[in-house]
Amino acid sequence: MNDVLPLKDKLFRLAWRITLNRAEAEDIVQDTLVRAWDQREEWSAIRDPETFCLTVCRNLALDRSKRAVHLPLPEQEQEPPDSQPAPDEALSGNERLRMARAAMDELPEVQRAIMELRDIEGMTYQEIAKTLCVTETQVKVYLHRARTKIKTRIKEMDDYGL
């Protein structure tokens, strides 16, 4: 069970990305940890506890997100003042970040989840495939499509102000 507690932050980020609701994500992480605890008798038979927990978390989040209203993610904390760029560069950077978040929120759930797990969590294609119950080829295809959609959407926003 000591393998599970260090995963709570990763589980929270996954749940939050799917539900887009902090309180709901916290509840999902708690439910995931409870389910892991309930499986403690069979824990030795589970080959990859991280994949097990991420899969449970993802499934719970998907179940709850179907009923939830999605709100945009809050802005991340800003860099320390001494490392911030010039005001015009900061505006451009903040605008690009906002556009990327908006574009990512428009992605289908599976593409958004794969992008989150690969680009933010740093998981391998194989780990993502096991977690989401898809093939590695599907992971690569979905990731490519997601990145292409975001790139296209940001270019549209830049060119046309959409």
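Yes/no per residue for (1) of a type in the set (A, V, I, L, M); (2) more than 19 Å from LYS10 (Cα to Cα); (3) at pLDDT 85 or above:
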{"position": "THR32", "(1), (2), (3)": "no, no, yes"}
{"position": "LEU54", "(1), (2), (3)": "yes, no, yes"}
{"position": "PRO74", "(1), (2), (3)": "no, no, no"}
{"position": "LEU97", "(1), (2), (3)": "yes, yes, no"}
{"position": "GLN111", "(1), (2), (3)": "no, no, yes"}
{"position": "TYR125", "(1), (2), (3)": "no, no, yes"}
{"position": "LEU132", "(1), (2), (3)": "yes, no, yes"}
{"position": "GLU136", "(1), (2), (3)": "no, yes, yes"}
{"position": "LYS140", "(1), (2), (3)": "no, yes, yes"}
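Being modelled with pLDDT under 85, touching a His at 6+ places or on another chain (Cβ under 7 Å), under 20 Å from ARG101 (Cβ atoms) and surrounded by 10 or more Cβ atoms within 10 Å (Cβ to Cβ) is a condition met by at least one residue of segment 12-27. Sort out which residues of segment 133-146 are more than 24 Å from GLU50 (Cα to Cα), touching a residue at least 24 places away in the same chain (Cβ under 8 Å) and surrounded by fewer than 17 Cβ atoms within 10 Å (Cβ to Cβ), and write them in order of number. Result: ARG145, single match.
Scanning segment 56-72 for residues that are modelled with pLDDT of 55 or more and not polar (S, T, N, Q) gives VAL56, CYS57, ARG58, LEU60, ALA61, LEU62, ASP63, ARG64, LYS66, ARG67. Being at pLDDT below 70, in contact with a Lys or Arg (Cβ under 9 Å, 6 or more places away or on another chain) and of a type outside the set (A, V, I, L, M) is a property that does not hold for PRO85. When we screen ALA36, ALA45 for residues that are at pLDDT 80 or above, farther than 24 Å from VAL110 by Cα and either open to solvent by 60 Å² or more (accessible area, probe 1.4 Å) or in contact with a Pro (Cβ under 9 Å, 6 or more places away or on another chain) (or both), the only hit is ALA45. Considering segment 112-132, and only residues there that are of a type in the set (Ser, Thr, Tyr) and assigned to a helix (DSSP H, G or I), the residue that is least open to solvent (accessible area, probe 1.4 Å) turns out to be THR131.
The values are calculated or read from the model by the stated rules, or taken from the named source; none is laboratory data. Remember, predicted model here, so these are calculated numbers, not experimental data. So basically every Cβ, Gly included, is an ideal-geometry build from the backbone, and we count neighbours across all protein chains shown. Note: areas computed on protein heavy atoms with side chains; ligands, DNA, RNA excluded. Shrake-Rupley method; radii C 1.70, N 1.55, O 1.52, S 1.80 Å.
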